[in-house]
1. Kindly write out, for segment 129-140 in residue order, the coupling ³J(HN,Hα) from the Karplus curve 6.51 cos²θ - 1.76 cosθ + 1.60 (θ = phi - 60°), rounded to whole Hz, with x marking Gly and Pro.
2. Using the Cα centre as the reference, give the magnitude of the dipole from point charges on the C-beta atoms of the chain (Lys, Arg: +1; Asp, Glu: -1; all else neutral), rounded to the nearest 20 debye.
3. Past 26 Å, Cα to Cα, is the threshold; run Lys49/Lys81; Lys49/Lys176; Lys49/Lys190; Lys152/Lys174; Lys250/Lys350 against it and keep the listed order.
4. Among Asn68, Tyr292, Phe355, whose Cα lies farthest out toward the positive end of the dipole of the chain, if unit charges sit on the beta carbon of Lys, Arg (+1) and Asp, Glu (-1)?
5. Rounded to the nearest 10 degrees, what's the angle between the helix 304-318 long axis and the longest principal axis of the chain, both from Cα atoms, 0 to 90?
6. Considering only Gly240, Tyr224, Ala307, whose Cα is most displaced toward the positive end of the charge dipole of the chain, charges sitting on Cβ of Lys, Arg (+1) and Asp, Glu (-1)?
7. Order of 129-135, 64-70, 274-280 by packing, highest average Cβ count within 10 Å first?
8. Taking 25 Å as R0, compute the FRET efficiency from the Cβ-Cβ separation of Arg82 and Asp130 and round it to 0.05.
Amino acid sequence: MKRKVIVMAFPIILILFLSLGCVSTETQTQANTVKIKDMLGREVDVPTKVSRIVAAGPGCLRLIVYLNATNFVVGVEDFEKRFNFGRPYILAHPELRNLPTIGPGGPGKLPDLEEIMKLKPDVIFMTYVDAKTADDIQAKTGIPVVVLSYGKLGTFTDEELFKSLEIAGKILHKEKRAKEIIEFIKSVQKDLEERTKDVTPKTAYVGGIGYKGAHGIESTDASYPPFKAVNAYNVASALGEGHKFIDKEKLLEWQPEYIFIDEGGLSIVLEDYKKNPEFYNSLKAVREGKVYGLLPYNFYATNIGTAIADAYFIGKVLYPDKFRDIDPKEKANEIYQFLVGKPVYEELAKQFGGFGKINLENGSVKYSLPKNP
């Protein structure tokens, strides 16, 4: 009788053992992944331990550099390899250009999925793609795709940018660093606001803004963030928001006190000056020597550090009494050191001209600042 009970009990014990084993395996599988909601609202299961990543799309690699996570990157776009100018994160980390390719890169170009699969990343970070594209890439590669965003950088305190840093920071266990970056950008915004909150706004215009290529003085931004950051009055703001091409004659009507040139378009402005010096010399800012050069910050999405550095230089030019403690070169290097890990202002200045007063006749840019009152 006892033997019969034992025989009958054995299958039950075996079933319980196997069931427990299944629960343990399922729990372990769940513990190996974490559910993340990306910037498109997609829920993505990513590994809890990530050691290999790729970043595709405008600005995506830049965010990874800001997070001090370059050691995770196993491949980069050809775009990052071909163009080594204008982007502080690549100047600070030239070793990234030696990594295997993951496709052509560039606005609107998708990565090479076969090349990515060869590198076996744990996560693919992407920017500027829609949910269907992200889902398709994830399905074809079997690798989690997490979409990040810059948002609209109308000010330096952009919530979509901050959220993206938090998402990537969580996946890469860089939460502390993400918080530091967000606090840094917010502190900069607050500092600029405090310095200029009671100024009488100076009138200013920025030309040479890049927009799908380089352009001359007629290319501007009606809502130029560095002007907003230091309470300068943008004469082009009457045209609305965002990038605008103006009729140059509008400058004769506006007669801004100061003209700033994005040095990505400086060579075009200088060529135009040679053809029509009378027009330029009809501008008050030109006659008074108030034409200044700025580092271009729109290159494969926004180079946030450069945009901030430009704002400090503009503030120094327009309101020297409010920025008496600021040396724009030193401030730029401080910003770059924090964001990308290297003070790269001098390299950028060699490439474009750097902060300074522009002599339209000979094309020189001289580091010349208003004297503190």
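Read-outs: derived from the displayed coordinates by stated rules, not from any lab. Computed from a predicted structure; not experimentally measured. Don't worry about glycine lacking a Cβ; one is built from the backbone with ideal geometry, like all the others, and counts go over all protein chains shown.
1. 10, 8, 5, 4, 4, 4, 5, 4, 5, 5, 5, 6
2. Its charge dipole is roughly 1160 debye.
3. Checking Cα-Cα distances, Lys49/Lys81; Lys49/Lys190; Lys250/Lys350 exceed 26 Å.
4. Positive-end residue among those listed: Asn68.
5. Tilt of helix 304-318: around 20 degrees.
6. The listed residue farthest towards the positive side: Ala307.
7. 64-70, 129-135, 274-280
8. Efficiency computed from Cβ-Cβ geometry: 0.45.
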